[in-house]
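This report refers to the structure that appears directly beneath it.
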Amino acid sequence: MDQPVSNELKQSRMTEFMKLLPLTLELAGLPKADPARPFTNDQIEGRVMSIRAAYRAGKALLREVGETGLQDTK
């Protein structure tokens with residue numbers, strides 16, 4: 001059975017997400033919206049999926065940097 005998540009954990013996760021947001025958006029590579037042409041629901045869902053994947057990649061990158069540092073691959 002799932003246990004409720006504490007408010008502290010929720011806040012910590014939101015803070016982590018916001019700190020990673022610039023990297024996440026850069027990795028996702030999504031174009032800015034044109035105010036005259038709003039996205040459809042399907043387009044929004046596609047962008048959400050891209051952001052989720054980019055967030056996972058960003059977290060993995062930071063975890064790797066924390067564990068091994070930045071190593072030159074040359």
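Annotations
- Model label points for residue 71 and residue 43, set 7 angstrom from Cα along the Cα-to-Cβ axis, are 4.3 nm apart.
- On full extension, the segment bounded by residue 10 and residue 62 gains 16.7 nm, given 0.36 nm per residue less the C-alpha separation.
- With every protein chain in place, the chain: carbon and sulfur % of accessible area (1.4 Å): 56
- nm² value of the averaged projected area, convex hull over the Cα atoms of the chain: 8.4
- A crude spin-label estimate for the pair residue 18 and residue 32, with each label 7 Å from Cα along the Cβ direction, gives 2.3 nm.
The values are calculated or read from the model by the stated rules, or taken from the named source; none is laboratory data. Small disclaimer: the values here were computed from a predicted structure and weren't measured. Neighbour counts are summed over all protein chains in view; Cβ atoms, including those assigned to glycine, are modelled from backbone coordinates with ideal geometry. Each accessible area value is taken on the protein alone, full model and side chains, heavy atoms only, with ligands, DNA and RNA left out. Shrake-Rupley method; radii C 1.70, N 1.55, O 1.52, S 1.80 Å.
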